[in-house]
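Asks: Can you read through this structure? Questions will come right after.
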């Protein structure tokens, strides 16, 4: 039996910074394969920009006595000078015009995927980017919150689908395996008949 997973990832120049994976099999197939987080994108971008541009004094680096920033800097110090310099180099800010609007900053991308399939990917720019933010607990915390909000949205949609499935079973006398394989347009048509 194959396992389906959602993945939320944060990237900089195609390099994975952080990700959170959660089971897609917990959701009805209709929910799982028709995810739409368009309305959530502005708040996701805003939250990620907020953490990535935070100054060190607003960030937490220590977790149960383990300081991620100190550890990261110690690891970099083990490399030869040219590699060390490359790893410590702050990415250059760039600018992009989208719909006549100028966007500037360091370019990042977030994505939501199911298995290997892209649901949504968005590039965004961070002004006053702080590279130390990538070693902070805050970046992982904000991704946890984003994923929590996505899961809550999916649960609400799933509950709606369950009630609709119940109506299709009881009012149209359809077995569940037939309901699961209904084309979305046919499903909508049957539900319209029930609810009119």
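Asks: Can you name the condition, by its number, that residue 69 falls short on among (1) outside any strand (DSSP E or B); (2) in contact (Cβ under 8 Å) with a residue 12 or more places away in the chain; (3) farther than 30 Å from residue 151 by Cβ; (4) in contact with a strand residue (DSSP E or B) (Cβ under 9 Å, 6 or more places away or on another chain)?
Replies: With (1) outside any strand (DSSP E or B); (2) in contact (Cβ under 8 Å) with a residue 12 or more places away in the chain; (3) farther than 30 Å from residue 151 by Cβ; (4) in contact with a strand residue (DSSP E or B) (Cβ under 9 Å, 6 or more places away or on another chain) applied to residue 69, the lone miss is (3).
Asks: Next question. Hey, which of the helices (runs of 4 or more DSSP H) in the stretch 102-196, taking only ones fully inside, have at least 1 residues that are touching a residue at least 12 places away in the same chain (Cβ under 8 Å) and closer than 30 Å to residue 62 by Cα?
Replies: So the answer is 137-172.
Asks: Scanning for something over 13 Å from the mean Cα position of the chain (by Cα) and at pLDDT 90 or above, does the stretch 91-104 turn up at least one residue?
Replies: No, there is no match, as no residue in the stretch 91-104 is over 13 Å from the mean Cα position of the chain (by Cα) and at pLDDT 90 or above.
Asks: Any idea which of 17, 21 is at pLDDT 90 or above, under 30 Å from residue 161 (Cα atoms) and touching a strand residue (DSSP E or B) at 6+ places or on another chain (Cβ under 9 Å)?
Replies: 21
Asks: Write out, first by first residue and then by second, each pair whose Cβ atoms fall under 7 Å of each other, whose residues are 6+ apart or on separate chains, and whose first residue, in the stretch 48-62, is at positive phi and surrounded by 13 or more Cβ atoms within 10 Å (Cβ to Cβ) while the second is in a loop (DSSP other than H, G, I, E, B) and at pLDDT 95 or above.
Replies: Every condition considered, no pair remains.
The values are calculated or read from the model by the stated rules, or taken from the named source; none is laboratory data. Note that this is a predicted model, so its numbers are computed, not measured. Every residue, glycine among them, receives a Cβ derived from its backbone with ideal geometry; neighbour counts consider all protein chains shown.
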